[in-house]
1. Residues that are at pLDDT 95 or above, more than 16 Å from PHE114 (Cβ to Cβ) and either open to solvent by 40 Å² or more (accessible area, probe 1.4 Å) or not acidic (Asp, Glu) (or both): does segment 43-57 have at least one?
2. List the residue pairs whose Cβ atoms are under 9 Å apart, where the first residue sits in segment 171-196 and is of a type in the set (Lys, Arg), the second is near ligand 1 (Cβ under 7 Å from one of its atoms), and the two are 6 or more positions apart or on different chains.
3. Taking segment 18-38 as the search range and keeping residues that are among the small types (Gly, Ala, Ser) and more than 6 Å from ligand 1 (Cβ to nearest atom), which one is surrounded by the fewest Cβ atoms within 10 Å (Cβ to Cβ)?
4. Given the conditions (1) more than 15 Å from ligand 1 (Cβ to nearest atom); (2) in a helix (DSSP H, G or I), and given that ARG207 satisfies all but one, which numbered condition is not satisfied?
5. Could you say which residue among ILE84, ILE166 is farther than 22 Å from ASP21 by Cβ and either touching a strand residue (DSSP E or B) at 6+ places or on another chain (Cβ under 8 Å) or in contact (Cβ under 8 Å) with a residue 60 or more places away in the chain (or both)?
Amino acid sequence: MAVRGGRKEVRRIGIMGGTFDPVHFGHLLAAEESRRALDLSEVIFIPAGDPAHKRQRRVASPEDRYIMTLLAILDNSYFTPSRIEIDRKEPSHTVDTLREMRHWYAPEKVQFYFITGLDAVLGITSWKEHEALPGLCRIVAASRPGYMPEKIKALPREVRDAIIPIEIPLLSISSTDIRQRIEDGKSIKYLLPDRVEQYIYKKKLYRKRSEA
Ligand code: ATP
Ligand code: MG
């Protein structure tokens, strides 16, 4: 814990959650811009284990998504990966993860910033125990193409007050689009780190079932 001018400084830690199926430059940019804007000491990347809201489609294995995340963040000394959700048997919910994280860190010495894109934040009322989130973290909402920050005002007061909107360069990149491009045999270059691209090809991820 840093002590500056005799005052105890609270550590500010970012948490970047996602399915990361696969991780791409949109995730990395949202995390890096949040880190700089909010002076975070680190950002912990947490790939979801069994994404509670994505059961209707095939998702790459937790291990593959974890490895891709690890490869993507290798060159940023502020970024660390966590297996907290992929090692859990039950489906992942942000509120459970944050409670577990607070267990590991003394709550009075750390302030968590849960980093999301604006699209995710606008659906926050469907998250498990969303009204408990403001007691556990601040919620960072990074701009994302197609989503209006004004819509935050329509969210219930108890969550709205915990949201910090930040403007980042808009990147029209999504994991859905990357998966579709691979299925269609199109290029994914410059949408995600080279190492992640190489891993996807090496493991033949996201191909049509008949080709995989
Ligand atoms: P999918 O298309 O499968 O939903 P995704 O690209 O939205 O994938 P997720 O793993 O769902 O990626 O996103 C994790 C977090 O990163 C979410 O909070 C999401 O809003 C945010 N995010 C994803 N892509 C971007 C982007 N291009 N710009 C800003 N935030 C993003
Ligand atoms: Mg998404």
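1. no
2. ARG179/ASP21
3. Ranking the candidates gives ALA37 first.
4. Checking ARG207 against (1) more than 15 Å from ligand 1 (Cβ to nearest atom); (2) in a helix (DSSP H, G or I), the one that fails is (2).
5. On inspection, the qualifying residue turns out to be ILE166.
The values are calculated or read from the model by the stated rules, or taken from the named source; none is laboratory data. Only a predicted model underlies this, so the values are computations on that prediction, with no experimental measurement involved. Counting neighbours? That spans all protein chains shown, and the Cβs are built from the backbone with ideal geometry, glycine included. When the accessible area is computed, the model is the full protein with side chains, heavy atoms only, and any ligands, DNA or RNA have been set aside. Shrake-Rupley method; radii C 1.70, N 1.55, O 1.52, S 1.80 Å.
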